[in-house]
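Trainee: Pasting a structure below so you can have a look.
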């Protein structure tokens, strides 16, 4: 790397903290097994699909005074899925643990995600290579990708590549889909006596890969702090200019953890939570009425400004929209094979769609602005679903609220002004410099991944717990990937996948928002978190997310 900023220079020097058990070294570890596990749902189906890796116990590591003899090992590592701050430190921690265990060990990085192990594209890491990426954001050290590992041919190719490099373990760093890949690959390797272990590491800024053993996925801390800084800046601007409503769509397709955390850190006037919308069966109209009511009431107090936070995936959680999109996903897959449809202009496509959808879904589609219709017909994601990040939900809400306010104004029920600005915060948080928490956590996850490898385990997810305590008190171990799985429909087929953790409406995090919602709606209780701090008092630099703090304190109260 050249042309380093002063912050880059200093961050490269940062030495991440480890749990005390791991700090003694890989050879001085003992492994304690917990109880046998089962999947979160669909136990019979998951057990049948993972005959060799299902039902394994959780494990916990402790330090020992005696040392184990460790054989030489070659390990491969893959970055999979979207970027998240701290990925480089997972690799650095894995590398350091591997070299600490045996200086002759080798770490290979597969290039471009899972396709790298299939196609045999790789680099071998050395000290100089790794040192240039310590404590940095991004996945550029080896790149990432979204290739699914699911076919016999892909598994066979991966095995051949591993045999060529004498690799006996593979670490997959990714989210729920990526770690589903890890579970599939682990099962295949065991079934074929390949003698290759597979370990996963929990990554996703969406925060939806968690359970009792995985308290938080890496990247969530840094990303939410980054978004909170931006929202806080906008709140300050809104309160200064006092003439704009800012509608901020924020990352999080399947779960609203990011929006909820950012809201708790900044206290905007309106925060929509997708899971609440779905549970309460809120229609698009009821959402518009709810937001319009706050806008009107603030205007009556002379406040024609405010800030609204909207989760990226909201549109799919609105019942009539979700049903329409599901219907749309099914028919678009077929229509894309029809040359008449593919050669049609947008207006003709809309007409074909409306004539193909069920009558109720056709009405919903027809009611939408042209911009939203077009975005709904964009290329699908690898699962055949609409790419909600490309749907400008924030603009849809602005448009519909404006229409509603125009009606109220004509009826003499609204005398204020409404001028809106739209924003989408997504990529801004994915590759930020990792916070001290994520730098430490990720390094520990990677180091811990090699600990799992050293005990011959496979089909496990690296787990580091007790995360609200100082790093030395963190608890290292592993959780079987199959424990987190259920069956879901993907591309019209039922498949095993790691179940996403959604916002719990009866949990302490959402309750914090619900208890303060009305006060924040009508008053400017804005908080301004500012930029992530890396140097200074622990109370500023090592502060955890509100989500993690509330969830862990609630567990302690319930013990």
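Bear in mind these aren't lab numbers, they're just calculated from the coordinates by the rules spelled out. Being a predicted model, the structure only gives us computed values, none of them experimental. Cβ coordinates were reconstructed from backbone atoms using ideal geometry, including for glycine residues, and neighbour counts include every protein chain displayed.
Trainee: How much mean residue ellipticity at 222 nm does the chain get from its helices, if each DSSP H run of length 4 or more adds -39500 (n - 2.57) and you divide by all residues, to the nearest 500 deg cm²/dmol?
Mentor: After summing the helix terms and dividing by residue count, I get -13500 deg cm²/dmol.
Trainee: Here's a follow-up. What distance in nm lies between label points placed 7 Å from Cα along the C-beta direction at residue 297 and residue 283?
Mentor: It works out to 2.2 nm between the two label points.
Trainee: Turning to a different aspect of this structure: With every atom except the alpha carbons ignored, what do you get for Rg and Dmax of region 4-54, in angstroms?
Mentor: Every Cα atom of region 4-54 included, Rg and Dmax give 20.7, 55 Å.
Trainee: What spacing in nm lies between the two simple spin-label points modelled at residue 100 and residue 331, each 7 Å away from Cα in the Cβ direction?
Mentor: For residue 100 paired with residue 331, the spin-label model returns 5.8 nm.
Trainee: OK, next. Taking other Cβ within 10 Å of each residue's Cβ, how do 31, 431, 541, 442 sort, fewest first?
Mentor: 541, 31, 431, 442
Trainee: Can you pull the semi-axes for region 178-225, root of five times each eigenvalue of the Cα gyration tensor, sorted largest first, whole Å?
Mentor: Those come to 28, 9, 8 Å.
Trainee: Quick check: convex hull over the Cα atoms of region 205-361, volume per residue in Å³, rounded to an integer?
Mentor: 168 Å³
Trainee: Just subtract the alpha-carbon distance of residue 533 and residue 363 from 0.36 nm times their residue separation and send over the number in nm, one decimal.
Mentor: Full extension of this stretch gives 56.2 nm more.
Trainee: Hey, any idea what the orientation-averaged projected area of the convex hull of region 313-369's Cα atoms comes to, in nm²?
Mentor: 3.9 nm²
Trainee: Oh, and also: For region 76-123, what number results from the quotient of the Cα radius of gyration and 2.2 N^0.38 Å?
Mentor: That works out to 1.20 for region 76-123.
Trainee: Moving to a separate point now. For region 60-142, take every pair of Cα atoms, bin their distances at 10 Å starting from 0, and report each bin as a whole percent.
Mentor: All Cα pairs, binned at 10 Å, distribute as 17, 45, 29, 9, 0 percent.
Trainee: Sticking with this one: Can you sort 190, 307 by how many other beta carbons sit within 10 Å, fewest first?
Mentor: In increasing order of surrounding Cβ atoms, one gets 190, 307.
Trainee: Rounding to the nearest 10 and keeping the result within 0 to 90°, find how far the Cα-based axis of helix 176-191 lies from the longest principal axis of the chain.
Mentor: Approximately 30 degrees, to the nearest 10.
Trainee: Please list log₁₀ I(q)/I(0) at q = 0.09, 0.10, 0.13, 0.14 Å⁻¹ for region 324-461, using the Debye equation with identical point scatterers on the alpha-carbon positions.
Mentor: Reported log10 I(q)/I(0), two decimals: -0.53, -0.62, -0.80, -0.85.
Trainee: Given 10 °C and 1.306 mPa s, compute D for region 228-283 with the Stokes-Einstein relation, Rh being the Kirkwood radius over Cα pairs; round to the nearest whole µm²/s.
Mentor: The Stokes-Einstein estimate is 129 µm²/s.
Trainee: Dividing the Cα radius of gyration by the Kirkwood radius, what Rg/Rh value follows for region 409-559?
Mentor: 1.06
Trainee: How would 118, 391, 331 line up from fewest to most surrounding beta-carbon atoms within 10 angstrom?
Mentor: 331, 118, 391
Trainee: What angle do you read, to the nearest 10 degrees and between 0 and 90, between the alpha-carbon axis of helix 220-241 and the longest principal axis of the chain?
Mentor: 30 degrees
Trainee: Further question on the same structure: Taking Rh as the Kirkwood radius, which is the inverse of the mean 1/r over Cα pairs, what is the Rg/Rh value for region 364-440?
Mentor: Looking at region 364-440, the ratio lands at 1.16.
Trainee: Here's something else I'd like to know. Quick check: residue separation of residue 371 and residue 342 times 0.36 nm, minus the Cα distance between them. What number comes out in nm?
Mentor: That works out to 8.6 nm of additional length.
Trainee: Continuing with this model, one more query. Indicate the gyration tensor shape class of region 430-494 (rounded, prolate or oblate), computed on the Cα atoms with a ≥ b ≥ c the square roots of the eigenvalues: a/c under 1.5 is rounded; otherwise a/b larger than b/c is prolate and the rest oblate.
Mentor: oblate
Trainee: Let me ask something else about it. Starting at 0 and stepping by 10 Å, how many percent of the alpha carbon pairs of region 128-257 end up in each bin?
Mentor: Taking all Cα pairs of region 128-257, the binned fractions are 10, 29, 28, 19, 8, 4, 1 percent.
Trainee: I've got another one for you. Which order do the peptides 104-110, 274-280 come out in when sorted by mean C-beta neighbours inside 10 angstrom, highest first?
Mentor: 104-110, 274-280
Trainee: Rg and Dmax in Å for region 137-200, alpha carbons only: what are they?
Mentor: In order Rg, Dmax, the Cα atoms of region 137-200 give 11.8, 37 Å.
Trainee: Relative to the longest principal axis of the chain, what angle (0 to 90°, nearest 10) does the C-alpha long axis of helix 393-410 take?
Mentor: The two axes meet at around 20 degrees.
Trainee: PRE reach from residue 12 (point 7 Å along Cα→Cβ): which of region 79-118 fall under 19 Å by backbone N?
Mentor: Counting backbone N atoms under 19 Å from the label point, the list is 86-93, 95-96.
Trainee: Quote the convex hull volume per residue of region 1-102, based on C-alpha atoms, as a whole number of Å³.
Mentor: Measuring per residue, one finds 184 Å³ for the Cα hull of region 1-102.
Trainee: Something else about it: What is the distance in Å between the Cα centroid of region 300-369 and that of region 482-540?
Mentor: Between the Cα centre of region 300-369 and that of region 482-540, the gap is 26 Å.
Trainee: Considering the values (i) 24.6, 82; (ii) 24.0, 77; (iii) 23.0, 72, which represents Rg and Dmax of the Cα atoms in Å as calculated for the structure under consideration?
Mentor: Checked against the structure: label (i).
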